[in-house]
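First up is the structure itself, then whatever we jot down about it.
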Amino acid sequence: MHQNQNTPTEIYCDNKSAIALSKNPVFHGRSKHIDIRFHKIRELIAEKEVVIEYCPTEEQIADIFTKPLKTESFYKLKKMLGMMQA
Amino acid sequence: MIKCFEMTDLGLMSYFLGIEVVQQKDGIFISQKKYASDILKKFKMEHSKPISTPVEEKLKLTRESDGKRVDPTHYKSLIGSLRYLTAQRSDIVCGVGLLSRYMEEPRVSHLQGAKRILRYIKGTLTDGIFYGNNSDVKLVGYTDSDWAGDTETRKSTSGYAFHLGTGAISWSSKK
């Protein structure tokens, strides 16, 4: 769209251990069975294409896509998605 | 181009594949009001009572429920219509995904779930996404997983949303 992006794209995640794993490429027995796709993320982080940030559950917009929510949190997240009435 | 090819200039885009586009000075607003009301009419839910959320919190649906079976063709067409609505209505993606797992042998409980989404749509017909045109446009992503939320298959549902500026431009909810 004729706009360049100079800073890495931020991706928010509410799982601290997933973030830790993505930053630290230490091989661990329990993380042995992780998909190849996941290593792509590590690569992108190393290339500074994306940054993974922690975000508390209340501000996790993607929550709306994974589980049925209470009315209040549903409306809060819906607003954060940019949805509004005409 | 008009000289070379036979074409007409319709001006700014306002309606495309069921999506209404309003181009204002401060940004673009997209909605699917017409398509949503068409669905309500098609499934005879236009006089239903609106409800605040698309899915009941802690809703548990199962494959082998004892309820009566419903017409799978009707159910599939309903889910399909709702699925198209998720092209822009990101708030019902999760609910539609949940219900589309029971396309094979839909029961009364599943159809009720689908009708609840229609009631929610009824209350929020005009909702849409607004993309403001301020200069601070930044791409931000959010991801989440529900940690094996499906008790039958022990599979997780993962979802993501990418925002560009004020509105979400890409999202998914996938089991």
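Pulled fully out, how much extra length does the chain show between B:Leu10 and B:Lys76, if you take 0.36 nm times their separation in residues and subtract their Cα-Cα distance?
Going from the current span to full extension adds 20.2 nm.
Mind checking the angle between helix B:108-123 and chain B's longest principal axis? C-alpha axes, 0 to 90 degrees, to the nearest 10.
30
Hey, got a sec? Which chymotrypsin sites (Phe, Trp or Tyr not before Pro) in the range B:132-162 land in a DSSP loop and have at most 13 other Cβ atoms within 10 Å?
B:Trp147
Would you mind checking A:Lys78/B:Lys34; A:Lys70/B:Lys174; A:Lys48/A:Lys76; A:Lys16/B:Lys174; B:Lys34/B:Lys60 for any pair whose Cα atoms are more than 29 angstrom apart? Could you put the intermediate results ahead of the total?
Values: A:Lys78/B:Lys34 21 Å; A:Lys70/B:Lys174 20 Å; A:Lys48/A:Lys76 31 Å; A:Lys16/B:Lys174 21 Å; B:Lys34/B:Lys60 32 Å.
Violating the 29 Å Cα-Cα cut-off are A:Lys48/A:Lys76; B:Lys34/B:Lys60.
Per-residue ellipticity at 222 nm for the protein assembly as shown, helices alone: DSSP H runs ≥ 4 residues times -39500 (n - 2.57), over residue total, nearest 500 deg cm²/dmol?
Mean residue ellipticity, 222 nm, calculated: -9000 deg cm²/dmol.
Tell me the angle of helix B:33-42 to the major Cα principal axis of chain B, expressed in degrees between 0 and 90 and rounded to the nearest ten.
The two axes meet at around 30 degrees.
Using a 7 Å offset from the Cα along the Cα-to-Cβ direction at both B:Lys33 and B:Glu46, what is the distance between the two label points in nm, to one decimal?
So the label points at B:Lys33 and B:Glu46 sit 1.6 nm apart.
Check A:Tyr12: other-chain or 5+ apart residues with amide H under 5 Å from its amide H, H built from backbone geometry?
Distant-sequence amide H within range of A:Tyr12: A:Glu53, B:Gly141, B:Tyr142, B:Thr143.
Can you pull out the trypsin sites (Lys or Arg not before Pro) in the range B:1-110 whose DSSP state is coil and whose Cβ has at most 13 other Cβ atoms within 10 Å?
In loop regions of the range B:1-110 (DSSP not H, G, I, E or B), the sparsely surrounded trypsin sites (Lys or Arg not before Pro) are B:Lys3, B:Lys25, B:Lys44, B:Lys58, B:Lys60, B:Arg63, B:Lys68.
No value in this document is a laboratory result; all are computed from the given coordinates. Quantities reported herein were computed from a predicted structural model and do not represent experimental measurements. A quick note on method: Cβ atoms are made from the backbone with ideal geometry, for glycine too, and the neighbour counts reach across all protein chains shown.
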